[in-house]
Amino acid sequence: MFELFIAMVKEEWRVHSTMFGSLSFALFPFMIFGIAFMGAFLVPLMHTTLPAGNITLIIHANYLMLGIMVGGFGLLGNEVMNRRFGQASLLAYSARSLPLSEKFIFFNFVVKDTVYYFFLWVFPFGLGYILASPFIGVPLSSALLLLLTLALAFLFGLCAVFFLSTIYARSRPLLWAVLAALVIGWGGLAAITHTNPALFFLPLLLNSAFSWGNLVISCAVLVLLFAIAILLFNPESVGSEKIYRDSFAPLLKRFSFLPNPPLAAKDTLDLYRSGSMIGQTIFSFILPLAVIWFFLSLLGPFFPPHGLLFIFAITTGIIASTMYTWVTMFDSFGPYACLPVAVSTLISSKLTTFSILQVIPAVFIAIVAILSGEAVYLVPAVVLGISVSFYAVGVMAWLCGLSPNVLVYDVKVLFVYLILVGIVLTVFTSVAFANPYFALSAVLLAIPTWLLVRKAKIRWDAVDPAGF
Amino acid sequence: MTMVIEARDLSKTYGDVQAVNHVNLMVEKGALFGLLGPNGSGKTTMIKMLTGQTRPTGGTATVLGVDAVLDPVGVRARVGIIPEQETPPSFLTAQEYLEFVAAVRKIPGIEAKADWWFEFLDFADKKHVLCKDLSRGTRQKLMFTQAFIHEPELALIDEPLINFDPIMQDLVKDYLVAYVKKGKTIFISTHILEVAEEICSGFAILHKGSLLHTGPVAELTARGEHLPSYFLSLVRKDRHV
C-alpha cells in the first residue's frame, strides 16, 4: 500500500516537473505561501468594512471550492481512464500488469491526490497565514484552528465530488435524487431552525466554536463519503466495445457555417460521448457556482446595491473561461500531426467550440439576474460575465496554447495569468459598482482578447507542438 | 531523376542529446525507401522533421518540393503519414475518424473509399466502434488507412507493421510493393530488417543520429550480402568507434 502511494506521489511530481522544469514547479507552493502571507496583512484593513466572521466564511468557501475543483479534475467515469490514465502509462493503470485490484489502485490514487494537492495548495496557504499571524495580532491557536478547518473544508469539497461523481458514473437519476435530498434536507433544516444554512457546514461550525465532538463528526462524514466513493467506484471493463451510429457526417453539415467544421464536429462528439458535457457542466460549473452564489449571497449587505449580481457575473466569467480546458483535455497535438492542421488552426477550433459553450454561462447569469429580482441589469451582467470569460480565455490561450490543464501548474504561467486577469477583474468590478450600466463597457475587452488570441496563434505555431 | 525527399545537413538536438546529426539524404520518386536503425537511432525524429512535426535545429528538408520547415502544413497536405505511437481520437468511431480525415483533407467520396479499406484490411465489423475500444492491431489498421486513403504521392510511415499479425503483415507488404509500382513513393522506418530487405528498393542506416550508409538494396544483393547481416556489422562497428 505505502509503496504504491509513494510511487504515485513521485510519479505525479515527475509528470509535473518534467513538463515545466523542477524549479518552476517547486516554486508553485512558495508562490501560494507568499500570496497567503502577504494577503494576511490585508485582513485588518478588511475588518473595517467586513466582519471577521464573513472573512472566515469567504476563505472557507474558497477552500471548499478548491476541493471541489481538485476532486472534479478527473473523476467522471470514463474520463478517469481517458484524461488521467489514457495518454501515458501511469501506475494507476497497473491493474493489468500487477496483482492489484482496480479498487485498491483507485484508493491509492485518491489518497495520493488528497495528500499531494493538500501540500501543493492548502498547506502553503495555511502556513503563510500562520507565520503572518503574530504580525496582525491573531493568536497562534486561532491560526492553527483555521488551518485545520480550512483543510477540512478542502477535504469536504474533494470527498463530496468523489462521492457525487461515483454516483453519477453509476446512475444519473440517483445523482439527481441525492442532490435534491441534500438541497431539501439542508434548506428544510435551515428553515425549521431559523439558522443561517452556512453554519451547518461543519468546518465553519468548528471554526466558530471548536469542539472535539464536532471534529469527530466532521472526520466521520469525510470517511463515510470517501468509503462510499471507493465502494461505488466501478471502472469500465477493459475491452468493452460501444457501438455508435455515424454522428460525425450530420454534425459536419450542421457546423458548415463555422471556420473549421470537422474540428468543431469532433470536439462536440468528444464532449458528448465522454460524458463531459453534462459531467463538467455539473461538477466544474454549476456546482462551484452554486456554492459561490450561496456564500456570496450572505455577503449581500456589504456590497453596493446590485454589486452582488455583478460580482457573481464576473466569477461566472472566470469559471466559464475554464471551459477551454474541457475542449483541450481530450487530445494533444499528436493525433493531428499526421494531418494538414497547424497548431493555430487547432487553437481557433477549440476557441470556436469554447464560444458555443458560452451559451451555458450566459443563460446561467441571466437566470440568476431574473431570480434575484434584478432582471433590469440582465444585459450588463451577461455582457460583463461573457466578456471576462473571453478575455480570460485569451490570456489562457496565449500562455498555455493547447495545454492549459497542464501549464496552470507552471508558476511563471500562473503568476502572469493572475496579474493579467486580476487587473481586469479589479477594474471592471469597480466600474460595475460605480454604475451597473457601465458594465457594458466590458465589450472593450474584445480588443485585448483579439490581440491575445492572435499572439497565441503566432506563439504556439513557432514552437514544436507539446506532447501533452 | 526526380527527388521527392531532400534532406541536407539535417540536425536535431533535444537539450544535450543529438538525436539527428548532419544527415544528408535523397529519396527519388517511385522508391520504396527503408530508413533502418536500432531503437533510439533517430528514425522517428527524421520522419517528424520531414513531415514538419518538429523543427530541425540545423539544415534543410524539402519534401515534394515543399520546405518542411517553412510550410509544414503544406507538406502534411501532400503526403500520408503513420506516426510511430499515435492512435486515432478516442471518441470517434473508426468510420467517423475516416470521415474526419476526409473532411480535413477534402477527400471526395469517402464512404466508398472507407468501405473498400474496411474490407481490404478486414475490420468492417469494427467501423462503428469507438477508437478507444479498438484493439491495438485494429487501431493500426485505421492509422494505415488514414495514411493511404487519399492516395498520396509520398507516404512516410513509421513502423507500420509492428502491431499486425503475420497474415496482415503479408497483405500490407504486398500493398506497399504494388503502391510504388503505380509511381508513388514510400518512405518506411523500421527495424524489421528482413521486411526491409524483402520490399525496399533503397535504404539508409541511421545510428546514434548519424547516417552510416545509404544506397540501393540491389547493390548489396549483387555483392552477395544480406541486409540484416550488413546492418549488424555496420552498427556493431560504429558502436566500437
Practice item. Being open to solvent by 20 Å² or more (accessible area, probe 1.4 Å) and in contact (Cβ under 8 Å) with a residue 60 or more places away in the chain is the filter here, so list the residues in segment B:200-215 that pass it. Key: B:S201, B:K208, B:S210, B:L211, B:T214
Exercise for review: Considering every residue within segment B:130-152, establish whether at least one is open to solvent by 10 Å² or more (accessible area, probe 1.4 Å) and within 29 Å of B:M1 (Cα to Cα).
Suggested key: yes
Point to revise | Test for B:F91: is it over 23 Å from the mean Cα position of the chain (by Cα) and at the interface with chain A (Cβ under 9 Å from one of its Cβ atoms) | key: yes
Check your understanding: Among the numbered criteria (1) away from chain A (no Cβ under 11 Å); (2) under 26 Å from B:R78 (Cβ atoms), which single criterion is violated by B:L156?
Key -> (1)
**Study point:** Of all residues in segment A:340-357 being open to solvent by 10 Å² or more (accessible area, probe 1.4 Å) and within 7 Å of another protein chain (Cβ to nearest Cβ), the one that is nearest to A:S284 (Cα to Cα)
**Key:** A:A342
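Might you check whether a residue that is assigned to a helix (DSSP H, G or I) and aliphatic (A, V, I, L, M) occurs anywhere in segment B:122-132?
Yes, some residue in segment B:122-132 is assigned to a helix (DSSP H, G or I) and aliphatic (A, V, I, L, M).
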Check your understanding: Which ones in segment A:34-77 are buried (at least 18 other Cβ atoms within 10 Å of the Cβ), at pLDDT 75 or above, within 20 Å of the chain's Cα centre (by Cα) and hydrophobic (A, V, I, L, M, F, W, C)?
Key -> A:A36, A:L57, A:I59, A:A61, A:L64, A:M65, A:L66, A:I68
Check your understanding: Does B:V195 satisfy being surrounded by 19 or more Cβ atoms within 10 Å (Cβ to Cβ), part of a helix (DSSP H, G or I) and β-branched (V, I, T)?
Key -> yes
Practice item. Answer yes or no as to whether A:T345 is modelled with pLDDT of 80 or more, of a type in the set (S, T, N, Q), part of a helix (DSSP H, G or I) and closer than 21 Å to A:G385 by Cα. Key: no
Revision key, fill the gap. The condition from (1) within 19 Å of B:I157 (Cβ to Cβ); (2) open to solvent by 50 Å² or more (accessible area, probe 1.4 Å); (3) out of contact with any Pro (no Cβ under 6 Å at 6 or more places or on another chain) that B:E86 misses is numbered (3)
Exercise for review: Scan segment B:173-192 and report the pairs whose first residue is under 20 Å from B:A204 (Cα atoms) and whose second residue is open to solvent by 30 Å² or more (accessible area, probe 1.4 Å) and assigned to a helix (DSSP H, G or I), with Cβ atoms within less than 8 Å and a gap of 6+ or a chain change.
Suggested key: B:K173/B:E198; B:S189/B:T44
Revision key, fill the gap. Within segment B:53-71, of all residues that are within 8 Å of chain A (Cβ to nearest Cβ) and surrounded by 18 or more Cβ atoms within 10 Å (Cβ to Cβ), the one nearest to the chain's Cα centre (by Cα) is B:Q53
Practice item. Report whether or not B:I162 is open to solvent by 60 Å² or more (accessible area, probe 1.4 Å), farther than 18 Å from B:V23 by Cβ and under 13 Å from the mean Cα position of the chain (by Cα). Key: yes
Review point. Got a number for residues in segment B:22-39 being within 23 Å of B:L227 (Cα to Cα) and either without any contact (Cβ under 8 Å) to a residue 40 or more places away in the chain or part of a strand (DSSP E or B) (or both)?
Key: 11
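Consider B:G74 carefully, then state whether it is within 14 Å of another protein chain (Cβ to nearest Cβ) and either open to solvent by 10 Å² or more (accessible area, probe 1.4 Å) or touching a residue at least 12 places away in the same chain (Cβ under 8 Å) (or both).
yes
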Check your understanding: Right, A:V80: at pLDDT below 75, open to solvent by less than 30 Å² (accessible area, probe 1.4 Å) and closer than 18 Å to A:A153 by Cβ or not?
Key -> no
Study note, to complete from the structure: Residues of segment B:112-129 being open to solvent by 50 Å² or more (accessible area, probe 1.4 Å) and within 9 Å of chain A (Cβ to nearest Cβ), in sequence order, are B:H128
Exercise for review: Check whether at least one residue in segment A:150-160 is touching a residue at least 12 places away in the same chain (Cβ under 8 Å) and more than 17 Å from A:L225 (Cβ to Cβ), and report yes or no.
Suggested key: yes
Study note, to complete from the structure: Exception for A:D331 within (1) modelled with pLDDT under 90; (2) away from chain B (no Cβ under 14 Å) falls at (2)
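Rundown of residues vs (1) open to solvent by less than 30 Å² (accessible area, probe 1.4 Å); (2) under 23 Å from the mean Cα position of the chain (by Cα), yes/no style:
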| position | (1), (2) |
| --- | --- |
| A:M323 | yes, yes |
| A:P335 | yes, no |
| A:C338 | yes, no |
| A:I360 | no, yes |
| A:G373 | no, no |
| A:L378 | no, no |
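Per-residue answers, yes or no, for (1) modelled with pLDDT under 90; (2) under 23 Å from B:V217 (Cα atoms):
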{"site": "B:V4", "(1), (2)": "no, yes"}
{"site": "B:L10", "(1), (2)": "no, no"}
{"site": "B:G15", "(1), (2)": "yes, no"}
{"site": "B:N24", "(1), (2)": "no, yes"}
{"site": "B:K29", "(1), (2)": "no, yes"}
{"site": "B:M49", "(1), (2)": "no, no"}
Review point. How many of the residues in segment B:102-121 are farther than 23 Å from A:K253 by Cβ and either hydroxyl-bearing (S, T, Y) or not in a helix (DSSP H, G or I) (or both)?
Key: 1
Review point. Given the residues B:I162, B:I167, B:I186, which is the only one that is at pLDDT 95 or above and aliphatic (A, V, I, L, M)?
Key: B:I186
Exercise for review: Please tell me if B:Q140 is more than 9 Å from chain A (Cβ to nearest Cβ), among the polar types (S, T, N, Q) and outside any strand (DSSP E or B).
Suggested key: yes
Check your understanding: Considering only segment B:157-192, how many residues are outside any helix (DSSP H, G or I) and within 24 Å of B:L25 (Cα to Cα)?
Key -> 16
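The values are calculated or read from the model by the stated rules, or taken from the named source; none is laboratory data. The shown structure was predicted, so the numbers you read here are calculated from the model rather than taken from an experiment. Every residue, glycine as well, gets a Cβ built from its backbone with ideal geometry; the counts of neighbours run over all protein chains shown. These accessible areas exclude ligands, DNA and RNA; they are computed on the full protein's heavy atoms, side chains included. Shrake-Rupley method; radii C 1.70, N 1.55, O 1.52, S 1.80 Å.
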